[in-house]
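Below you'll find the structure, written out as structure tokens, and then a few comments.
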């Protein structure tokens with residue numbers, strides 16, 4: 001039995017919050033997409049994901065974390081933050 005069958009996507013992703021990370025290229029992509037000056041993009045994203053207001057869903061191999069006007073995409077297997085972008089549908 002995998003974790004998704006007994007936990008919600010939110011519960012599962014929050015359980016693995018300490019493992020969430022990104023790559024140097026991911027940091028630059030996220031800064032560019034979100035117009036951030038933050039030095040610690042990884043912590044910024046983790047805080048957004050952990051927020052009570054964050055809506056977390058899973059589609060295939062990715063988690064999608066929607067909060068405020070952004071969407072953070074996290075790979076469900078490696079827990080790598082792939083990208084984050086401004087949600088244009090708001």
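Quick note: the coordinates plus some simple rules give every number you see, no bench work behind them. The model shown is predicted, which means the values in this text are computed figures rather than measured ones. Here the Cβ positions follow ideal geometry from the backbone for every residue, glycine too, while neighbour counts run over all protein chains shown.
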Could you work out the Rg to Rh ratio of the chain, with Rh taken as the Kirkwood radius (inverse of the mean 1/r over all Cα pairs)?
0.95
Under a point spin-label approximation (7 Å from Cα along Cα-to-Cβ), what is the residue 53-residue 19 distance to one decimal in nm?
2.9
On a 0 to 90 degree scale, rounded to 10, what angle separates helix 41-50 from the longest Cα axis of the chain?
40
Label points 7 Å out from Cα along the Cβ direction at residue 88 and residue 38: separation in nm?
2.2
May I ask you to order 25-37, 72-84 by the average number of other C-beta atoms within 10 Å around their residues, highest value first?
72-84, 25-37
Ranked by how many other beta carbons lie within 10 Å on average, peptides 58-66, 11-19 from highest
58-66, 11-19
Expressed as an acute angle from 0 to 90° and rounded to the nearest 10, what is the orientation of the C-alpha long axis of helix 24-34 relative to the principal long axis of the chain?
70
